[in-house]
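Read through the structure below, which is laid out as structure tokens, and then see the notes.
The values are calculated or read from the model by the stated rules, or taken from the named source; none is laboratory data. Everything numeric in this text was worked out from a predicted model, so none of it was measured. Cβ coordinates were reconstructed from backbone atoms using ideal geometry, including for glycine residues, and neighbour counts include every protein chain displayed. Protein only, heavy atoms only, side chains kept; ligands, DNA and RNA dropped before computing areas. Shrake-Rupley method; radii C 1.70, N 1.55, O 1.52, S 1.80 Å.
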Amino acid sequence: MTASFSGVQGKKWKGEGTTQNLESIVIGRCYDYIRIVNPAVGEKNCSQIWEAFKNAFINKDPCSILPEDYELFINLTLHMIPPNKSLFWENNQLLVNSFADRGRRFMSLGDTLFGFVADFLYWCGQADSPGLDYESCPTTVECENNAVESFWRMASITYAHHSSGVIHVLLNGSADGGAYPQPGFFADYEIPNLQRGKISQIVIWVVDDIEGPDIDSCGAHTVKTLETRLKTLGYDVTCTDNNKSVMFLLCLDNPDDSKCALASSAPAAQRGPISSDRGGSWNKLMFVSFASFLFRFASVF
């Protein structure tokens, strides 16, 4: 493939270069996961995991990396995903990370060992060179079979294959182009690799950004396309707009938004006059306090 230039002198590709200290980060995250985040996975050889990860793309054309190149890495990091804990998503990664709570509430792809070690990192090698390219890496627009894209395809395939019970899908109802993008990781790599016999129900949650538009919702537009596809495949599907638990989390950061206002439950007889402003402040305070309690309670259990 012909090199592509971004207009910045010295940069071969348009994407970010390899994350500095990549080896230390991957090995450190591996130990963090097996010792602190999820010790139930048992012993893993973190140095061996790094070598398998690196060898998938090092010394290779950065546009010729295939998902199966990460097969050894996946085998070394693979562990059970508890039934009813899988949480798939599109266009809302930070919200999913907060809601899943590092596997305590749900176990999203980023909460598995194989996803955890690579989340938010960039990497690529160079043809006929043992080094990493810290200057730039190819984007998916420049070449589809780049190191990062192929990694997440393999990770998504593996995650879907090992999901079971009731699975949840959290979609962004304010996303440009719709909540269910096609092409997309969920559409192209996760749905085709779900194991029909292991899944009892698929629960879809469509949640709008607090300050965003209501572009998509259950039974409409792209979400209807998704519901139809899943039902055609034989799945029991339910869909809910603006799930309360997720909205509580969003409202912790946006308590003044109109979507976060609580209906007044004050009794008709008041002990004394309360100004509308003071009442509104009290409602917001009670909402934030209740939401904080709810999420602490959920984290414990």
Centre separation in Å (Cα based) which lies between the range 124-173 and the range 8-76: 11
With the range 178-264 reduced to its Cα atoms and the Debye formula applied, log10 I(q)/I(0) at q = 0.24 1/Å amounts to -1.20
XL table 198/231; 60/85; 54/198; 14/44; 85/259; 14/54; Cα-Cα > 26 Å flagged, in table order, is 60/85; 54/198; 14/44; 85/259
Charge tally in the Cβ shell below 15 Å around residue 61, where Lys, Arg are +1 and Asp, Glu are -1, residue 61 excluded: -4
So for the range 136-196, using the alpha carbon gyration tensor with a ≥ b ≥ c as root eigenvalues (a/c under 1.5 gives rounded; past that, a/b versus b/c decides prolate or oblate), I'd call it oblate
Simple Cβ-charge dipole of the range 22-251, Lys/Arg +1 and Asp/Glu -1, about Cα centre, in debye nearest 20: 1060
Along each principal axis of its Cα atoms, how long is the range 22-251 end to end? Whole angstroms, biggest number first, please. 51, 40, 36
What is the diffusion coefficient of the range 86-183 in µm²/s, taking the Kirkwood radius over Cα pairs and the Stokes-Einstein relation at 20 °C with a viscosity of 1.002 mPa s? 142
Scan around residue 201 for amide H atoms under 5 Å from its own, H built in the peptide plane at 1.01 Å from N, and keep only partners 5 or more places away or cross-chain. 166, 167
Taking all protein chains as present, what is the carbon and sulfur share of the accessible area of the range 22-251, in % to the nearest whole number, probe 1.4 Å? 51
The range 48-147 - accessible surface per residue (Å², probe 1.4 Å): 41
What residue among 86, 136, 174 has its Cα farthest toward the positive end of the dipole of the range 31-183, where the charges are +1 on Lys, Arg and -1 on Asp, Glu, each on the Cβ? 86
Expected-Rg normalisation [2.2 N^0.38 Å, Cα atoms] applied to the range 20-157: 1.04
Expressed per residue, the solvent accessible area of the range 218-264 in Å² (1.4 Å probe) is about 57
With the dipole of the range 188-250 worked out from charges on the C-beta (+1 for Lys and Arg, -1 for Asp and Glu) around the Cα centre, which of 228, 250, 207 lies farthest toward the positive end? 228
